[in-house]
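The values are calculated or read from the model by the stated rules, or taken from the named source; none is laboratory data. Small disclaimer: the values here were computed from a predicted structure and weren't measured. Note that we place each Cβ from the backbone using ideal geometry, even for glycine, and neighbour counts take in every protein chain shown.
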Amino acid sequence: MQTSQDSLLARFAPVSSVGSTATGGKIPDWLDLPDPKGFRPKRKYRTVWISDVHLGTRGCNAEMLVDFLRSFECQTLYLVGDIVDGWRLRKGWYWPDAHNEVVRRVLKMAHRGTRVVLIAGNHDEMLRDYAGMSFGGVELALEAVHETADGRRLLVTHGDAFDGVVLYARWLAFLGDQAYGLLLRANIVFNAARRRLKMPYWSLSAYMKKKVKNAVAFVSSYEEAVAQEAIARGMDGVVCGHIHCAEIRQFGGITYYNDGDWVESCTALVEDAHGAISIVDWAHEKAAEAANRFEAEHAAGAEAEIRYGADAALEREA
């Protein structure tokens, strides 16, 4: 597995403040290439949190994540764990171009002044040995404390430390990962069929998980455990990932934030200039855009038909 870990870490070659690699090499030319001109203005955020991308798996919605990363600019980007799925890569290498594009986009953001902090999760636990180091301008950490624009202090952690299954029964976590992998593969086939029918993305796996009572009970107890840790540390809130369920909830005086994932729901957390934090549901936004385009095209087609009919009537009268 060491070879796989080395190849992953090589993608984050250390970069110094002057733009050369720490070993004296030249930075990649593509870091300075201009982005393609987009038709939409970029959103401005103070902070963005994403997690559970699971690069290296077929379930990763890398294309949708790249589209989201291109849509905004921010001062700080937190990658809150499970960005790379080391568990899956141990069993076989899977790394298409779209996954490279996610890495390139993140490194470009770091190169252009965004502070990028990667919190190691359980699926990319091989990065925990490098906490405190910076690779390609990306800071590696076990956890972080973020201060919002309105002065609140938030604990930022992946959250697997509060998952009893991962912490106390590792073999059961791997077994659950196998079952979850099967569900995600079904999700891929399901959405491939929807694309052929020109229907937007919809997560079968997320829907099934919400319907399972045990999963709902687990999510509730997990959220409470994470919130209690934030209370014990004197924080105003906590930002985490791990369970693939985007959520903002109050537990007494503590605000619990979960940024979701980029396997099922395609969600992120964003902070505006005033410190307000909200969930961005990118899959929902893209579906709404597609629906609006369809309605506009349908209306344009209907208008053209009316004009054609009116012109034909005038010709007959003439």
Residue satisfying all of: in region 189-204; modelled with pLDDT under 70 and not small (Gly, Ala, Ser); farthest from the chain's Cα centre (by Cα) among these: Phe190
Within region 63-120, which residues are in a helix (DSSP H, G or I) and among the polar types (S, T, N, Q)? Asn100
Taking region 30-66 and the residues there that are among the charged types (D, E, K, R), more than 20 Å from the chain's Cα centre (by Cα) and over 15 Å from Val106 (Cα atoms), the one that is modelled with the highest pLDDT would be Arg40
Tell me, yes or no, whether region 140-147 has at least one residue that is assigned to a loop (DSSP other than H, G, I, E, B), of a type in the set (Gly, Ala, Ser) and closer than 23 Å to Val226 by Cα. no
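Every residue, every condition in (1) surrounded by 14 or more Cβ atoms within 10 Å (Cβ to Cβ); (2) at pLDDT 95 or above; (3) touching a Leu at 6+ places or on another chain (Cβ under 6 Å); (4) not basic (Lys, Arg), yes or no:
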| site | (1), (2), (3), (4) |
| --- | --- |
| Val219 | yes, no, no, yes |
| Ala227 | yes, no, no, yes |
| Thr255 | yes, yes, no, yes |
| Ser265 | yes, no, no, yes |
| Arg293 | no, no, no, no |
| Ala296 | no, no, no, yes |
| Ala299 | no, no, no, yes |
With respect to the numbered conditions (1) at negative phi; (2) modelled with pLDDT of 95 or more; (3) surrounded by fewer than 15 Cβ atoms within 10 Å (Cβ to Cβ), which one is the sole condition not fulfilled by Val156? (3)
